[in-house]
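For reference, the structure is listed below as structure tokens.
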Amino acid sequence: MLLFKLAFRNIFRQRRRSLLTAMSLTGGYVLCVFSFSMSEGSYSNAISFFIQDHTGHIQIHKDDYLRKPKIHKSIEAPEDISAILDASEQIESHTLRIFAPSLAYSETDNSPAQVIGIDLDRERTTTTLAAKISEGSYINSEIDGEGYYSAMIGAGIANNLNIGLGDELILISQGADGSIANDIYIVGAIVGDRRSSDRSTVFLPLAAAQEFLSMNDEVHEVSILLKDDGRARAEAEILQDLLPDLAVDPWQEVEATFYQSMQTDKQGNVIFMGIIVFIVFVGVMNTVLMSVLERTREFGVLKAIGTRPAKLALMITLETTMLASISVLLGLVLAIPLVLWFTYAGFALPEPMDVGGILMSHITGELSLYVFAAPLFLILGFAILISIPAGIRAAFNSPTEAMRSN
Amino acid sequence: MSAVISTTDVCRFFGDDEETLVKAVDNVSIEIERGEFTALVGPSGSGKTTLLHLIGGLDNPTSGSVKLSGTNIAAMSGTALSDFRRDHIGFIFQAYNLIPVFSAEENIEYIMLLQGVDAVERKRRVSEILAQVGLEGLGDRRPNKLSGGQQQRVAIARAMVSRPEIILADEPTANLDSKNGIALLDLMKELNESHNMTFIFSTHDEKIMKRASRLIHMQDGKIEFDEKK
């Protein structure tokens with residue numbers, strides 16, 4: 001306790017110098033927290049975007065459908081899987097999908113299209129598809145009086161085929177049984193605009209798509225939305241045990257390219273912040289060494305009366321760590337309102353910024369333990385690191401030599 | 001009586017070659033018994049301080065041995081030597097050398113903390129020793145709020161509170177006026193007699209050396225003569 005007291009009081013010996021050092025540490029901490037908040041916030045927004053847009057937290061497929069999609073790699077009896085998923089308390093909702101490449105025709109034009117058959121009710125509660133409708137309204141799975149199903153088409157297809165709401169859309173594809181699939185649908189809604197990722201997609205009611213592609217009740221994909229963003233891997237493992245014949249992947253595997261580039265970028269950010277903190281600490285190291293040099297005689301006396309060399313080094317480490325802790329606490333007081341504003345208000349960018357392939361025009365931060373704790377450990381770690389040379393100097397100085405100095 | 005301090009042919013030379021070689025302590029052999037109140041006397045540069053440092057384990061001899069209570073401290077280093085100094089030797093310095101950010105009480109308490117003495121016992125011993133050195137009521141003052149004589153009393157209390165066998169004092173009265181210097185020496189003598197601790201102090205003040213029961217005269221790093229009263 002007395003050692004703590006000694007270290008603490010030593011900080012206040014040279015008040016002005018300690019204040020300047022603390023200010024640089026506080027500034028470094030606030031800068032680090034802001035940067036971490038921005039990085040985490042940008043990626044969180046990007047992750048939320050594609051999770052809610054279509055990916056979900058977890059996806060279930062047959063075999064290696066995720067990497068090599070083929071129409072015949074389908075999940076049989078998806079209603080059994082739905083029963084399991086509906087019973088889970090961790091799952092918010094899930095949806096069933098089938099996919100097929102096709103050619104879309106109007107009376108005058110044609111265009112390649114990606115057909116996605118969706119469970120309309122489940123899709124509405126799992127993704128933001130309904131919110132992306134720019135014209136018309138979310139379709140139902142009923143057949144109209146003339147025997148046609150409705151379809152929702154991407155704005156790109158609508159433009160290419162020069163069709164709109166109520167027009168006929170002809171789709172041609174290959175069925176799961178090898179037959180030529182073709183049918184007519186009525187455009188019930190236009191999705192997004194010509195820049196949207198869904199611009200070449202045709203959404204059909206699941207039953208219509210199954211019928212079109214001769215897939216009976218089978219589906220290609222189950223997409224799951226969890227209640228807790230952080231449980232994707234854990235829940236995927238649980239589901240994998242329950243469904244050993246199927247491939248269950250968290251979003252980190254489904255969007256592996258994005259996830260890996262995000263991780264690399266985050267590591268780069270930590271290294272960059274480490275360099276900034278190191279530069280800040282070069283100045284701090286100078287202060288610590290100066291403070292040790294000034295007290296050489298005192299350290300000699302402390303050694304003479306029986307203080308172990310290791311304890312002297314510990315005292316110097318304590319002093320630096322305490323100063324860094326006080327600075328970080330002050331930084332925390334300043335950083336919390338800043339991060340709160342950044343998280344809930346944020347700011348608009350003059351030009352959209354690419355975050356892992358997703359264009360963001362408004363940047364918000366993230367409020368989490370990580371954005372405050374990671375810079376804290378970075379700064380405290382450096383504080384301990386830079387106190388080591390000064391501690392070694394004090395510890396290994398001969399008491400006689402030390403006491404001769406002024 | 002048994003020798004608590006024993007040096008045999010101890011030398012401490014500085015410099016690397018014949019031209020720059022300084023023989024600060026040159027072939028000194030002495031034996032000091034428990035409870036002695038010994039003064040190392042001689043002019044500046046005679047080797048008093050260096051010999052005190054060698055006896056206190058603050059410096060290593062170039063050759064020879066220094067034994068304290070039978071332990072050859074010249075062969076010790078690092079943590080073992082620190083622990084030995086902490087438990088067996090008390091130091092009093094010319095410039096007091098108190099820790100400026102500690103109060104008088106905390107300066108005295110610090111060494112017991114290093115020894116692992118529990119808090120209650122530390123407080124008890126601090127009160128007791130402050131009373132013995134005449135500083136009751138001044139325990140909470142920092143060194144800069146104490147006079148030179150009071151600071152040196154705190155230094156004496158710090159040296160004695162760990163109950164060492166030997167107290168080494170390097171010119172303890174040099175920064176004090178003669179009245180305070182004599183009073184301090186009288187206090188040291190009194191504590192020496194009441195606690196049977198072995199005191200060795202260096203001085204070149206004749207009034208002070210009269211208080212010693214043994215005078216070891218040094219000149220050019222050698223013992224000129226050893227006088228027991």
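Rundown of residues vs (1) part of a loop (DSSP other than H, G, I, E, B); (2) in contact (Cβ under 8 Å) with a residue 12 or more places away in the chain, yes/no style:
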{"position": "B:PRO172", "(1), (2)": "yes, yes"}
{"position": "B:ALA183", "(1), (2)": "no, yes"}
{"position": "B:LYS189", "(1), (2)": "no, yes"}
{"position": "B:PHE225", "(1), (2)": "no, no"}
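Is it the case that A:ALA100 is more than 14 Å from chain B (Cβ to nearest Cβ) and surrounded by 14 or more Cβ atoms within 10 Å (Cβ to Cβ)?
Yes: the conditions hold for A:ALA100.
Can you say whether A:ILE91 is in contact with a helix residue (DSSP H, G or I) (Cβ under 6 Å, 6 or more places away or on another chain) and in the same structural domain as A:ILE186 (by TED's automatic domain parsing), as far as the supplied structure shows?
For A:ILE91, the condition - in contact with a helix residue (DSSP H, G or I) (Cβ under 6 Å, 6 or more places away or on another chain) and in the same structural domain as A:ILE186 (by TED's automatic domain parsing) - is met.
Name the one entry in A:ILE279, A:ILE275, A:ILE305 that is over 27 Å from the mean Cα position of the chain (by Cα), free of Cβ contacts under 8 Å to residues at least 12 places away in the same chain and away from chain B (no Cβ under 14 Å).
Criteria check complete, one pass: A:ILE279.
When you check B:MET112 against the structure, is it crowded, with 16+ Cβ neighbours inside 10 Å, at pLDDT below 90 and within 14 Å of chain A (Cβ to nearest Cβ), yes or no?
So B:MET112 does not fit the description; no.
Only residues that are surrounded by 20 or more Cβ atoms within 10 Å (Cβ to Cβ), within 27 Å of B:ASP87 (Cα to Cα), among the polar types (S, T, N, Q) and more than 14 Å from every other protein chain (Cβ to nearest Cβ): list them for region B:15-69, please.
B:THR38, the sole residue that qualifies.
Taking the stated definitions as given, is B:ASP87 in contact (Cβ under 8 Å) with a residue 12 or more places away in the chain and out of contact with any Gly (no Cβ under 7 Å at 6 or more places or on another chain)?
Criteria met by B:ASP87.
Please determine whether any residue of region A:29-41 is surrounded by 20 or more Cβ atoms within 10 Å (Cβ to Cβ), closer than 22 Å to A:ALA374 by Cβ, modelled with pLDDT under 85 and aliphatic (A, V, I, L, M).
no
If only one of A:GLU135, A:GLU146, A:GLU142 is over 18 Å from A:LEU96 (Cβ atoms) and part of a strand (DSSP E or B), which one is it?
After ruling out the rest, the residue left standing is A:GLU135.
The values are calculated or read from the model by the stated rules, or taken from the named source; none is laboratory data. All values derive from a computational prediction rather than experimental measurement. Using ideal geometry, Cβ is built from the backbone for each residue, glycine included, and neighbour counts are taken over all protein chains shown.
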